[in-house]
Structure formats: C-alpha cells, structure tokens
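Peer 1: One structure follows; several queries about it will come next.
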Amino acid sequence: MDKASLAIIPADIPPTKSATLPQISTEQPSILPTAAYLHIPFCQTHCRYCDFAVTIGTEDLIEKYVQYLLQEIAFTPTELQGLETVYFGGGTPSLLSSNQLERLIDALSKRFGISANAEISLEANPGTFDRAKLQAYQRAGINRLSLGVQAFQDHLLRLCGRSHGVAEVYASVKIIQELGFDNFNLDLIFGLPEQSLADWEASLQAVLAIAPTHVSLYDLIIEENTPFGRLYQTDRPPLPTDEETVEMYLKTIEVLGNAGYEHYEIANFARPGYQCKHNRVYWKNQPYYGLGVGATGYVYKQRVERPRNLYEYFTWVETGQFTVTESVTSQEELTDTLLLGLRLTEGIMLESLDKRFGKSLVAQMLHVLQPSIDSGYMQVIHEKMQLIVPQGFLFSNEVFALLT
C-alpha cells in the first residue's frame with residue numbers, strides 16, 4: 001500500500017477541528033464500558049487465509065499509527081470508570097516497541113483509568129520478540145499473552161504463509177515461561193489445506209506438553225478475497241472434508257477435556273480460573289471501547305466503526321468524524337445477546353434476560369428458538385438456556401440462523 005503524505009499528529013497537541021463525538025444519552029442504561037480493544041494492524045507478512053485489516057508495517061509507519069491511535073484515545077468520550085480488561089489485537093501487536101506499548105497503556109490509564117487487577121492481553125507471533133522486549137512488555141503492564149501458533153507442522157505453516165516455523169514457536173514459549181507468564185493462550189487452526197487428523201492430534205499433544213492456561217481454536221473459513229479464497233473451494237481437496245474437521249473438533253474436546261481444560265465456549269478451553277475475561281465481555285454482549293483502524297466500539301447501545309483502510313483511518317482521526325454508525329434497538333440487543341451468550345457452555349440465565357429485556361420479548365425469542373430445542377441442539381432447564389455439547393456446538397450455525 002502506498003504511503004499518503006499525512007503529517008503525524010503529536011499526542012499532546014489537539015486537532016485543528018473539534019471532534020463530533022457520540023453524546024451520552026440519559027435515556028439509556030448508564031452501563032459504562034470496562035473493556036477496551038486496540039487494533040494493531042501490522043504484520044510481517046500477509047497470511048494466505050487472512051482478511052483482517054492488516055498491512056505490512058515499517059518502523060516509521062508503526063510509529064505514525066501509534067501517534068494517531070493516541071489521538072483517538074485522547075478524544076474518546078468517557079466517564080472515568082476504570083478498565084477491567086484491555087486487549088491488544090491485530091495484526092501482530094508484538095511488532096510494537098516496548099516504548100510504543102508503554103505510551104499506549106499510559107494513555108489508556110490517563111483517559112479511562114485501569115483497575116489494579118485488570119487483565120491486559122497482547123497478541124504475539126512467534127519470533128517477533130526476544131526476552132528483553134517481553135520483559136519490557138511485562139513492566140508496561142501486559143499480564144496475558146496470546147501466541148499465534150496455528151500449527152505445529154512446518155509444512156502447514158509455510159502453506160499458510162506464516163512468518164515463523166515450529167522452532168520459533170518453542171523458542172518463544174521458552175521465553176514466556178522463563179519470564180513467569182502464568183496466563184498465556186495458544187491459537188490453533190484446524191481445517192487447513194493438507195492437514196490430516198494425525199497432524200491435528202500431534203498439535204494437540206504439543207499443546208499439552210507446553211501446558212498453556214488457555215487454548216483457542218479457529219475453524220478455517222475460506223474468505224473470498226484472500227489467496228486461499230482464490231486457490232481452494234470449501235470441502236474440496238486438499239481441504240479436509242466436513243467429516244474430518246468435525247472429527248478434529250471432537251478430538252480436541254476429548255483430549256483437552258481429559259487434560260483438565262474447561263470447554264467454556266464453542267472454540268475456547270481454559271484451565272480453571274483462566275477464562276479470557278476480555279472475550280467474556282463480548283460473549284455477554286457488554287459495552288466496550290474499540291480503538292484503532294477497523295475496530296468497532298459498542299458504547300451506550302451505539303456502535304462506532306473505524307475505517308478499515310489505514311490512511312482513511314488517519315483522515316478520520318484528523319477530521320474528528322467520530323460519528324455513530326448504528327444505534328442498537330432492544331430487539332437487536334436481545335438477538336446479539338443470544339447469538340453471543342449461547343456460545344458459552346454455561347448458557348444464559350432467563351432471569352437476567354427478563355430483567356434486561358422484559359418477559360414478553362424473551363418469550364418471543366424462545367418461541368423462535370423452539371426448533372433447535374426440538375432438534376436436540378439446545379435445552380432450557382433450571383431457568384437457563386444453553387446449547388447441548390457437543391451437538392449444539394457442532395450445529396450452532398443452524399441455531400443462530402433462526403435468530404438472524
């Protein structure tokens with residue numbers, strides 16, 4: 001992508017135009033966000049399956065972006081509450097220097113406040129940090145890492161266009177463990193081209209040997225505007241069949257469950273006490289700040305989307321066009337709450353829905369979901385609605401289709 005000739009806005013200088021920001025409505029519930037997501041869009045390479053808002057980052061471009069992100073933080077409307085979770089996602093946030101990360105966390109603290117026991121997560125790719133850098137991240141406040149492993153086979157990593165190999169995975173894990181990070185996640189993708197069940201089982205055994213506190217699964221989706229989208233068709237060789245990917249998923253439930261991991265969400269497993277607090281904010285459909293290119297925030301039943309193009313984002317910050325793109329109705333909020341909350345193994349308490357949305361509206365939605373109960377994918381028991389594991393998770397798309 002060509003660089004645009006935009007000046008860097010220093011963090012301590014206000015913009016030349018006043019920002020038109022969403023106003024806090026006194027008619028809406030005064031639920032203040034206690035979570036913030038920051039998108040860091042830079043990568044070393046473009047993975048062949050990815051359609052996220054990412055770009056190849058140079059040192060100058062990353063610093064320029066940090067300056068604009070600091071500006072967005074400074075002009076985001078807030079009532080000082082104290083963040084309970086912060087999540088640096090990407091992209092590859094571990095391409096940030098320790099100084100850049102420290103400035104961002106400091107800006108968040110000054111603008112929103114950060115609770116003393118806040119979960120502060122950062123996504124990292126193997127090979128993008130050394131011991132000194134990760135130690136500096138620790139000092140800045142990072143206390144949870146999510147390592148983008150994806151596979152434990154070099155041929156699969158090369159096929160995906162990943163910038164690391166298996167050796168870098170183990171080197172990075174060693175640093176994480178030596179520095180005493182007791183809360184870290186490993187990402188794995190199943191359903192990759194040329195991936196066999198034996199490959200997947202070997203990856204699961206590698207995970208058990210490392211013993212992270214959390215494991216996240218990603219079922220490969222072939223996106224149209226990606227290299228994989230141009231090369232492969234779903235359920236056609238060399239992609240695994242649907243039956244094979246189901247077998248991989250069921251094997252994961254078995255292996256990680258036997259090892260003591262809680263299957264607490266469709267695609268997430270955790271040691272007791274190590275569920276991702278930030279992601280639970282999404283699954284509970286609670287408000288959060290979304291900051292950075294391509295990010296969406298959800299505050300006071302209003303969604304604000306940022307441009308996905310990096311240079312359009314720069315202009316967006318410069319002009320102060322912080323405008324609401326969507327106001328969420330009670331019906332839409334309930335639908336979202338069901339779509340997200342049913343992903344959790346614990347399900348959703350009907351009493352909480354009744355209090356939040358009213359019994360009449362909740363009863364209507366239960367009627368809509370009745371076919372999934374009849375099919376054995378979902379149950380309502382002890383005043384709780386939940387998907388039945390594993391069949392409800394395997395056919396969750398059919399359940400969710402009833403709501404959309």
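Peer 1: Give the residue list of GluC sites (Glu not before Pro) in the range 214-260 that are DSSP loop and have at most 15 other beta-carbon atoms within 10 angstrom.
Peer 2: Details: sites: Glu223, Glu224, Glu243, Glu244, Glu247, Glu254; in loops: Glu223, Glu224.
Loop-located and lightly packed - Glu223, Glu224.
Peer 1: Using DSSP to define loop residues, name the GluC sites (Glu not before Pro) in the range 346-404 whose beta-carbon has at most 15 other beta-carbon atoms within 10 Å.
Peer 2: Hits after loop and neighbour filter: Glu346, Glu383.
Peer 1: Among Lys64/Lys301; Lys64/Lys277; Lys355/Lys384; Lys251/Lys284; Lys284/Lys355, which pairs are too far apart, with a Cα-Cα distance over 22 Å? Please list the in-between numbers first.
Peer 2: Numbers: Lys64/Lys301 31 Å; Lys64/Lys277 30 Å; Lys355/Lys384 14 Å; Lys251/Lys284 27 Å; Lys284/Lys355 15 Å.
From the list (Lys64/Lys301; Lys64/Lys277; Lys355/Lys384; Lys251/Lys284; Lys284/Lys355), the Cα-Cα distance tops 22 Å for Lys64/Lys301; Lys64/Lys277; Lys251/Lys284.
Peer 1: Spelling out what I want: for every residue of the range 283-289, take phi, set θ = phi - 60°, compute 6.51 cos²θ - 1.76 cosθ + 1.60 (Karplus), and round to whole Hz; glycine and proline get x.
Peer 2: Karplus-based 3J(HN,Hα) across the range 283-289 equals 5, 8, 6, 9, x, 7, 8 Hz.
Peer 1: Can I ask one more? Pick from Gly141, Gly376, Gly57 the residue whose mean-square fluctuation is largest in a GNM of the chain, springs joining Cα atoms under 10 Å.
Peer 2: Per the Cα network of the chain with a 10 Å cutoff, Gly376 tops the list.
Peer 1: How much length is gained if the chain between Leu197 and Tyr218 is pulled fully straight, taking 0.36 nm per residue apart and subtracting their Cα-Cα distance, in nm to one decimal? Don't jump to the answer; show the numbers that get you there.
Peer 2: Values: separation 21, 0.36 × 21 = 7.56 nm, distance 1.53 nm.
Stretched out fully, the Leu197 to Tyr218 stretch lengthens by 6.0 nm.
Peer 1: Something else about it: In the range 168-202, which GluC sites (Glu not before Pro) fall in coil by DSSP and have 14 or fewer other Cβ atoms within 10 Å? Each step should come with its number before you reach the end.
Peer 2: On the way: sites: Glu168, Glu178, Glu194, Glu201; in loops: Glu194.
Answer by residue number: Glu194.
Peer 1: Can you tell me, using C-alpha contacts under 8 Å and at least 6 residues apart, the relative contact order of the range 220-361 as a whole percent?
Peer 2: Rounded, it is 15 percent for the range 220-361.
Peer 1: Would you mind checking which residues have amide H under 5 Å from Val86's amide H? H placed 1.01 Å from N; only 5 or more apart, or other chain.
Peer 2: HN-HN under 5 Å from Val86: Ala36, Glu119, Ile120, Ser121.
Peer 1: Of all DSSP beta bridges in the chain, what percent run antiparallel (nearest 5)? Write out the running numbers ahead of the final one.
Peer 2: Working: 20 of 50 bridges.
Percentage antiparallel, nearest 5: 40.
Peer 1: Find how much the distance from Leu403 to His382 grows on full extension, using 0.36 nm per residue of separation minus their present alpha carbon separation; answer in nm with one decimal. Don't jump to the answer; show the numbers that get you there.
Peer 2: Numbers: separation 21, 0.36 × 21 = 7.56 nm, distance 2.24 nm.
Length gained, Leu403 through His382: 5.3 nm.
Peer 1: Ignoring trypsin sites (Lys or Arg not before Pro) that are buried or in helix or strand per DSSP, and keeping those with at most 12 other beta carbon atoms within 10 Å, what is the longest stretch of the chain between them? List each step's numbers first, then the result.
Peer 2: Numbers: sites that count: Lys3, Lys17.
For trypsin sites (Lys or Arg not before Pro) (loop position, at most 12 other Cβ atoms within 10 Å), the longest site-free span of the chain is 18-404.
Peer 1: While we're here: Normalised by the residues of the chain, what does the relative contact order come to in percent, with Cα pairs under 8 Å and at least six apart?
Peer 2: Details: 683 pairs, mean separation 69.2, N = 404.
Answer for the chain is 17 percent.
Peer 1: To the nearest 500 deg cm²/dmol, what mean residue ellipticity at 222 nm is calculated for the chain from DSSP H runs of n ≥ 4 alone, each contributing -39,500 (n - 2.57), summed and divided by the residues? Before the final figure, lay out each step's value.
Peer 2: Values: 15 runs with 160 residues, N = 404.
The helix-only estimate for the chain comes to -12000 deg cm²/dmol at 222 nm.
Peer 1: Between Ser360 and Arg308, what is the spin-label point distance in nm, taking each point 7 Å from the Cα along the Cα→C-beta axis?
Peer 2: In this crude label model, Ser360 to Arg308 measures out at 3.9 nm.
Only the coordinates and a few stated rules stand behind these numbers; no lab work does. These numbers come from a predicted model, not from an experiment. We place every Cβ from the backbone using ideal geometry, glycine too, and count neighbours over all the protein chains shown.
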